[in-house]
Amino acid sequence: MSSTSSATGRGAVLRADQVAFSYGRRQVLRDVSLDVFPGEFLALAGCNGAGKTTLLHLLTGYLTPDAGTVTLEGEPVADLPRQEVARRIAYVPQRSATVFPFRVEEMVLMGRQPYAGLAAFDTEEDCQTAAQALDEVGLGREAGRRLFEELSGGERQLVLIARALAQQASILILDEPATYLDLRRQWEVMQLLERRRAGGATIIATFHDLNLAARWATRIALLHEGRMAAVGTAREVLRTEILEPVYGITLRVEHRDGRPPLVELPEAGGPSKGIG
């Protein structure tokens, strides 16, 4: 297992220390430790059910661990007021359903709620910030009047990202940011996240696509059956001997000079330990 300074957590902006979590009798995470450092892009990978989304919820303070601690800049997340956490961490879920017919601009303005206090969160500054966020994700301000529920899955995902951008937090946590997006939109969103990271933001995102993670992330954390299997750079983590026990198939990994590793599936009709 490889990790930069993770043994001590020195300098970590966000840290999970030996956390465990269960839904009823089903234990999802076991003794997971992870350090997230300022200005990095950390990709969280692993199979379905490995505990990726649960770990994100623990990092945001949405869930409280059964054991272990989560700290934000050295302070236990559980002890911080939720409004303060929301000013420092913005979260983008995989999907979001609405009960009421919110317009897109109203959905994005919800990202300004941590700054509202007792006042309404539709000040001129808030509206301008929301409009800029819509521009940044490529929807444009004219999309603001559309109903959220009438959008395609990809457009909804962009609105959720815009809402997080409007929050103006220094840590951006995303659960599968490329979900529902076509190749062009994936490229644009990943470039957007890289610009944010280059500007000083810290990015944490889950990925099923290991090649996408390898292309953009500065480090990859690989979960397997609720435990941390490996943490390190793409070159350190994306290795056949590490990936095969996690995914249950023999993956071919090509390490290329000056380029991210390339992970390839077995040939069609070839041997597999998966469904067959």
- Query: In a GNM of the chain with a 10 Å cut-off on Cα contacts, which of E176, E75, E155 has the highest mean-square fluctuation?
  - Reply: E75
- Message: From the phi angles alone, apply the Karplus equation (6.51, -1.76, 1.60; θ = phi - 60°) to region 155-171 and give each ³J(HN,Hα) in whole Hz, x where the residue is Gly or Pro.
- Response: 5, 4, 4, 5, 5, 5, 5, 4, 4, 5, 5, 5, 6, 6, 8, 7, 10
- Where both partners of a DSSP beta bridge lie in the chain, what percent of those bridges are antiparallel, to the nearest 5? 60 percent
- Can you work out the base-10 log of I(q)/I(0) for region 197-255 at q = 0.18, 0.28, 0.30, 0.31 1/Å, using the Debye formula on its C-alpha atoms alone? -0.63, -1.39, -1.53, -1.58
- Query: Which one of R145, R184, R156 has the biggest mean-square fluctuation once the chain is modelled by GNM with Cα springs under 10 Å?
  - Reply: R184
- Item | Stokes-Einstein D (µm²/s) once Rh is taken as the Kirkwood radius of region 7-109 over alpha-carbon pairs, at 37 °C in 0.692 mPa s | 217 µm²/s
- Item | q = 0.22, 0.26 Å⁻¹, region 157-243: log10 I(q)/I(0) [Debye, one scatterer per Cα] | -1.15, -1.40
- Quantify, in whole percent, the carbon and sulfur part of the accessible surface of the chain (1.4 Å probe; protein heavy atoms only). 50 percent
- Derived scalar couplings ³J(HN,Hα) [region 238-245; Karplus, 6.51 cos²θ - 1.76 cosθ + 1.60; whole Hz; x for Gly, Pro]: 7, 10, 3, 5, 8, 6, 4, x
- Query: Each residue of region 128-134 in order: what ³J(HN,Hα) in whole Hz does its phi give by Karplus 6.51 cos²θ - 1.76 cosθ + 1.60, θ = phi - 60°, with x for Gly and Pro?
  - Reply: 5, 4, 5, 5, 5, 5, 5
- Residues meeting the amide H criterion for A67 (H placed from the backbone, H to H distance under 5 Å, 5 or more places apart or on another chain) are A20
- Message: Please report Rg (one decimal) and Dmax (integer) in Å for the Cα set of region 46-99.
- Response: 12.4, 37
- Note on the structure: Mean-square fluctuation maximum in Gaussian network of the chain, Cα pairs under 10 Å, restricted to L158, L29, L139, hits L139
- Note on the structure: With every protein chain kept in place and a 1.4 Å probe, the chain has an accessible area per residue in Å² of 50 Å²
- When only C-alpha pairs under 8 Å and at least 6 residues apart count, what is the relative contact order of the chain, in percent? 23 percent
- Semi-axes of the equivalent ellipsoid for region 123-275, Cα gyration tensor, largest first, Å: 34, 18, 13
- Message: Given Cβ point charges of +1 (Lys, Arg) and -1 (Asp, Glu) and nothing else, what value in debye, to the nearest 20, does the dipole of the chain about its Cα centre take?
- Response: 380 debye
- Query: Looking at the P(r) of region 70-171, how many percent of alpha-carbon pairs lie beyond 17 Å?
  - Reply: 52 percent
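The values are calculated or read from the model by the stated rules, or taken from the named source; none is laboratory data. Being a predicted model, the structure only gives us computed values, none of them experimental. We place every Cβ from the backbone using ideal geometry, glycine too, and count neighbours over all the protein chains shown. To get the accessible areas, we keep the full protein, side chains included, count just its heavy atoms, and leave off ligands, DNA and RNA. Shrake-Rupley method; radii C 1.70, N 1.55, O 1.52, S 1.80 Å.
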